[in-house]
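Worksheet: one structure, shown below.
Values in this text are rule-based calculations from the coordinates and carry no lab data. Computed from a predicted model, the values in this text were never measured in an experiment. Because the Cβ atoms are built from the backbone with ideal geometry, glycine has one as well, and the counts that use them run over all protein chains shown.
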Amino acid sequence: MTKTIDRIPLLPYGLDAPRQLVVHRYGMRGARPKAYLHASLHADEIPAMLVLHHLVRLLDEADRAGGIKGEIIVVPMANPIGVTQIVNARHVGRYELAGGGNFNRNWPDLFAGLADRVRDRLTDDAARNVTIIRTAMLADLEARTAGSELASLRLALARLAVDADIVLDCHCDSESLLHLFLIPAHWPTAADLSAEIGSRATLLSEESGGYAFDETFSTPWTRLARALPDKPVPPACLSATVEYRGQAEVGDEWAEPDARALLRFLQRRGLVAGDPGPLPQAQCEATRLDACDVVRTPAAGIVAYKQPLGAMVTAGTVIAEIVDPTAVDTRAARTPVHTAADGLLLSRRADKLVRPGDSLAKVVGTKTLPNRTGYLLED
């Protein structure tokens with residue numbers, strides 16, 4: 001077998017022993033293609049961890065049969081900090097409680113200074129340029145030092161992913177259908193990923209704001225291509241965020257088929273031997289993220305949804321009503337919340353007590369919305 005397991009310690013938060021990442025490696029280091037997958041950077045998004053648990057089992061079987069053709073790195077639990085954050089018996093894994101904010105924001109900007117470092121070294125050979133650029137980005141990360149536990153987590157994961165051909169950041173939403181985030185440069189080349197995993201919405205954005213993990217490895221290539229137009233710079237890292245439904249959809253009945261879909265995708269991309277069979281029919285067309293309406297509440301209260309997940313709605317549809325339980329007149333206690341887009345009701349908020357400005361739902365539209373500029377993510 002080619003498999004090895006690495007344990008990467010993080011910088012200790014306090015006087016206790018350091019937490020660590022458990023990394024499953026398959027294939028020869030430096031082999032191509034290289035894929036990197038990790039789960040639950042938002043540590044309370046549990047479905048992805050179970051998916052990669054099943055994927056590791058499938059890759060172990062492929063490895064025993066001599067079927068690993070490229071290099072594959074799997075981190076089934078990408079956030080050992082967040083998994084331990086329990087407050088009053090409730091898991092709080094989206095934000096670092098020590099003050100670091102959202103675990104999937106403010107990742108390193110690998111484009112900063114990159115053009116100057118590679119400008120005089122690039123050639124007219126695109127493949128050669130890919131190697132030069134990857135080497136430069138890896139050297140940038142190797143030169144950095146971490147000053148906190150969270151910074152050491154980010155640095156460790158980034159070093160594992162930076163030179164990969166494929167990077168899959170596996171999450172879930174609150175209540176949701178399965179969906180996918182990509183940059184436009186990877187469409188339609190990533191249509192096989194969208195179809196294979198059964199994505200119900202594939203959302204495209206050049207830069208969604210916030211420096212999320214997936215765009216850390218995809219956007220430097222497109223930004224560099226614009227900065228140095230006289231040299232061929234392909235979008236060499238297919239980096240995507242996969243949202244495995246909602247937080248409650250944790251179970252082998254979902255995770256095992258999801259893992260098999262990932263294995264088939266890796267087979268199609270030449271990382272694992274075997275016939276993946278015919279590509280499933282796509283369940284969606286790719287649409288722009290700035291056409292996706294993030295429906296927010298104008299009032300505090302209790303959410304009473306009026307549309308189910310998967311509903312096809314039109315602009316002006318009442319998605320939910322916000323109920324004020326303190327209202328003296330119950331006839332005036334409800335505030336309707338409408339969508340501005342025509343399209344698929346992709347996700348909803350599971351927590352039903354809300355404050356003004358909280359996001360309630362996402363509706364996947366096809367027409368750019370005038371208010372959807374700049375920061376396109378929910379938080």
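In the chain, the DSSP-assigned H stretches of four residues or longer account for a calculated mean residue ellipticity at 222 nm of -8000 deg cm²/dmol, using -39500 (n - 2.57) per stretch and the full residue count as denominator.
Here's how it looks for TYR244: its modeled amide H is under 5 Å from those of HIS171, CYS172, ASP173, which are all 5 or more places away or on a different chain. Pairs of Lys residues in the chain are counted when their Cα atoms are under 18 angstrom apart and they lie 8 or more places apart or on different chains; the count is 6. Which one, TYR305, ALA136, LEU122, is farthest towards the positive end of the dipole of the chain when Lys and Arg carry +1 and Asp and Glu -1 on their Cβ? Sorting the options by dipole projection puts first LEU122. Largest mean-square fluctuation among TYR305, TYR13, TYR95, in a Gaussian network model of the chain whose springs join Cα atoms under 10 Å apart, belongs to TYR13. Pull out a ≥ b ≥ c, the square roots of the eigenvalues of the alpha-carbon gyration tensor of the stretch 7-123, then state rounded if a/c is under 1.5, prolate if not and a/b is larger than b/c, and oblate in the remaining case. Judged from the Cα gyration tensor, the stretch 7-123 comes out oblate (a/c at least 1.5, b/c at or above a/b).
If a/c stays under 1.5 just call it rounded; otherwise compare a/b with b/c (prolate if a/b is bigger, oblate if not). Do that for the stretch 289-364, with a ≥ b ≥ c from the square roots of the Cα gyration tensor eigenvalues. Judged from the Cα gyration tensor, the stretch 289-364 comes out prolate (a/c at least 1.5, a/b above b/c).
Gain on full extension, evaluated as 0.36 nm per residue between ALA126 and ASP252 minus their Cα-Cα distance, stands at 41.1 nm. Counting only DSSP beta bridges with both residues in the stretch 4-284, the antiparallel share comes to about 45 percent. For the pair VAL328 and VAL92, the difference between a 0.36 nm per residue extended length and the Cα-Cα distance amounts to 81.5 nm. Short-range pairs are left out: with C-alpha atoms under 8 Å and at least six residues apart, the relative contact order of the chain is 17 percent. With R₀ fixed at 41 Å, the C-beta to C-beta distance from THR84 to ARG355 puts the FRET efficiency at about 0.90. Spacing of the modelled spin labels on HIS338 and ASN371, each 7 Å from Cα toward Cβ, amounts to 1.1 nm. With the cut-off at 1.5 for a/c, could you classify the stretch 4-284 from its C-alpha gyration tensor as rounded, prolate or oblate? Because its axes are fairly even, with a/c under 1.5, the stretch 4-284 counts as rounded.
Normalised by 2.2 N^0.38 Å, with N the number of residues, the alpha-carbon radius of gyration of the stretch 163-292 equals 1.08. Take every pair of alpha-carbon atoms less than 8 Å apart whose residues are at least six positions apart; their mean separation over the length of the stretch 38-192 yields a relative contact order of 29 percent.
Between LEU180, ALA273, LEU262, the Cα set farthest toward the positive side of the dipole of the stretch 4-284 (charges on each charged residue's Cβ, about the Cα centre) is that of ALA273. Take ALA273, project a point 7 Å from its Cα along the Cβ direction, then tell me which residues of the stretch 49-70 have their backbone nitrogen under 17 Å from it. Under cut-off, by backbone N: 58-70.
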